[in-house]
Amino acid sequence: MRRMSVKEKHPHTGLFIPDSGVRELIAQSKRARVDRAGLLAFLQPIAEQWPRDRVVFLCIGSDRSTGDALGPLVGDVLTARGWPQVRGTLAAPCDAGSLGAMLKTLPREHLVIAVDACLGRAGSVGSFLVSDGPLRPARATGTAELPDVGHYSIAAVVNEQGAKPYHTLQTTSLHAVIRMAGELAEAICDAWPQHTNLQNSR
């Protein structure tokens, strides 16, 4: 069976700079709230179409904020597991200052899955929002006008949305963020089991 290219499946390619077409696509993209099992159900169909060496995980966030550290924490775990294409780790975060430069390094024929933390309703804290479209980094705080990124996206709801979102992210439980980062990284490894088996056999 012929594997669809990124360009055929998703018209918002290149550097993922938003335009009116992308905005419309974002509005039409389905976003679902899922738990750890739901993450695996979301990722498995993607893994069936895209081998691990054709997938880039764009792990957005900063090591200077506990709530916003989820992306880099996921990036660290995936890097330690030997994933070939990861952008955003604690040592080299993909944050507001570096996102533009990192986007230029993404292989054009690869699928990009964006990972980020977000704030949400009280009942959603601890869950994940998955989408067959991009996400907009820093949307919770509104501190930067950044491009929409990713062919698929996963946002972890690390805390409740409030009047002071930046303060909320700064004071979010590190324990909870580490737990959620671990759940997401494990779901990714389970979705591409041949990758995990390869690492365990070394």
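The values are calculated or read from the model by the stated rules, or taken from the named source; none is laboratory data. Since this is a predicted model, take the numbers as computed values, not measurements. Heads up, the Cβs are rebuilt from the backbone with ideal geometry, glycines too, and the neighbour counts pull from every protein chain shown. The accessibility values were calculated without ligands, DNA or RNA, using every heavy atom of the protein model including side chains. Shrake-Rupley method; radii C 1.70, N 1.55, O 1.52, S 1.80 Å.
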**Prompt:** Just checking, which of LEU99, LEU73, LEU103 is among the hydrophobic types (A, V, I, L, M, F, W, C) and under 21 Å from LEU39 (Cα atoms)?
**Reply:** LEU73
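Looking at the stretch 150-178 only, could you name the residues that are closer than 30 Å to LYS104 by Cα and polar (S, T, N, Q)?
Result: SER153, GLN170.
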**Message:** Can you tell me which residue is farthest from the chain's Cα centre (by Cα) among those in the stretch 173-184 that are over 10 Å from ARG36 (Cα atoms) and open to solvent by less than 10 Å² (accessible area, probe 1.4 Å)?
**Reply:** VAL177
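For every residue, the table says whether it meets (1) open to solvent by 60 Å² or more (accessible area, probe 1.4 Å); (2) under 18 Å from ASP116 (Cα atoms); (3) touching a strand residue (DSSP E or B) at 6+ places or on another chain (Cβ under 8 Å).
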residue	(1), (2), (3)
ARG33	yes, yes, yes
ALA37	yes, no, no
LEU40	no, yes, no
ARG52	yes, no, no
GLY61	no, yes, yes
LEU70	no, yes, yes
ASP76	no, yes, no
ALA80	yes, no, no
GLN85	no, yes, yes
**Request:** Could you tell me which of the residues GLY123, GLY133 is of a type outside the set (A, V, I, L, M) and in contact with a Phe, Trp or Tyr (Cβ under 9 Å, 6 or more places away or on another chain)?
**Result:** GLY133
**Message:** Would you confirm whether or not the stretch 105-117 contains a residue that is in a loop (DSSP other than H, G, I, E, B), under 20 Å from GLU183 (Cβ atoms) and not aromatic (Phe, Trp, Tyr)?
**Reply:** no
**Request:** Give the residues of the stretch 119-139 that are surrounded by 23 or more Cβ atoms within 10 Å (Cβ to Cβ) and part of a strand (DSSP E or B), sorted by residue number.
**Result:** PHE128, LEU135
